[in-house]
Amino acid sequence: MRSILLLFLFSGSLLSLQAQTGGRAVYQFLRLAPSARITALGGNLISVRDDDVNLAYGNPALLNQGMHQALSFSHNFYPGGIQNGYAVYGHHVPKWDLTLHGGLQYVQYGDFPATDEMGVQNGEFKARNTPLPWAQASNYTNGSRGEPTSNSSVPSWKAIIQPDSPETWRPLFSTPPAVSPSLS
């Protein structure tokens, strides 16, 4: 009897037993496609250089002058009451030859029952994530051939900002750029 118990305990230690599958990666909601076009491409960004401001979410180097004053909004419904969306605006600053991209992505996971340790329901709560992605890119010429190339600068791309707790808000710029009043 004792040998059977030891065999059972030993065989159980060889197997990896897990009650949950989560916890292997964080912020997986950032992999959700920001537009129907990117979803149709399988969720992976195909580096097409055109004026679609949504493309800069996955590859900020695609920002260009054609995205000046481009505005886009998308919203998706998933089973179980889960919803996500993305709103983005692109702006080109000719003085600095700089294209800016800023947006708001949100994922709402629906309503969950709030229970105490005994399982008694005390109400409901909502869960959501709200990152504020932003990027900037500028074009410069290749000295040997004079061809335009892209230089992307993304200091805090996809920074997580939780609006429910004000102490976690972070400024997008440490020092705002000086803007000339003559710019429109």
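The values are calculated or read from the model by the stated rules, or taken from the named source; none is laboratory data. Predicted model, so just to flag it, every value in this text is computed and none were measured. Neighbour counts run over all protein chains shown; Cβ positions are idealised from the backbone, glycine included.
If I filter the stretch 60-78 for residues that are part of a helix (DSSP H, G or I), more than 18 Å from the chain's Cα centre (by Cα) and modelled with pLDDT under 85, do I get at least one hit? Within the stretch 60-78, not a single residue is part of a helix (DSSP H, G or I), more than 18 Å from the chain's Cα centre (by Cα) and modelled with pLDDT under 85. Taken together, the residues in the stretch 23-34 that are within 17 Å of V107 (Cα to Cα) and either basic (K, R) or in a helix (DSSP H, G or I) (or both) amount to 4.
None of K126, K95 is basic (K, R) and part of a strand (DSSP E or B) except K126.
Screening S184, S156 for residues that are among the small types (G, A, S), at pLDDT below 90, surrounded by 14 or more Cβ atoms within 10 Å (Cβ to Cβ) and under 27 Å from S72 (Cβ atoms) leaves exactly one candidate, S156. Filtering D116, D97 for residues that are out of contact with any helix residue (DSSP H, G or I) (no Cβ under 9 Å at 6 or more places or on another chain) and either over 27 Å from L30 (Cβ atoms) or at pLDDT 95 or above (or both) leaves a single hit, D116.
On inspection, R37 passes the criterion of being without any contact (Cβ under 8 Å) to a residue 24 or more places away in the chain, charged (D, E, K, R) and not in a loop (DSSP other than H, G, I, E, B). Taken together, N84, N54, N44 contain a single residue that is under 17 Å from the mean Cα position of the chain (by Cα), outside any helix (DSSP H, G or I) and at pLDDT 75 or above, which is N84.
Across the stretch 87-98, the qualifying residues are those that are under 19 Å from the mean Cα position of the chain (by Cα) and not small (G, A, S), and the one among them that is nearest to S35 (Cα to Cα) is V88.
Within the stretch 35-63, restricting attention to residues that are out of contact with any helix residue (DSSP H, G or I) (no Cβ under 9 Å at 6 or more places or on another chain) and not hydrophobic (A, V, I, L, M, F, W, C), the residue that is farthest from L104 (Cα to Cα) is G42.
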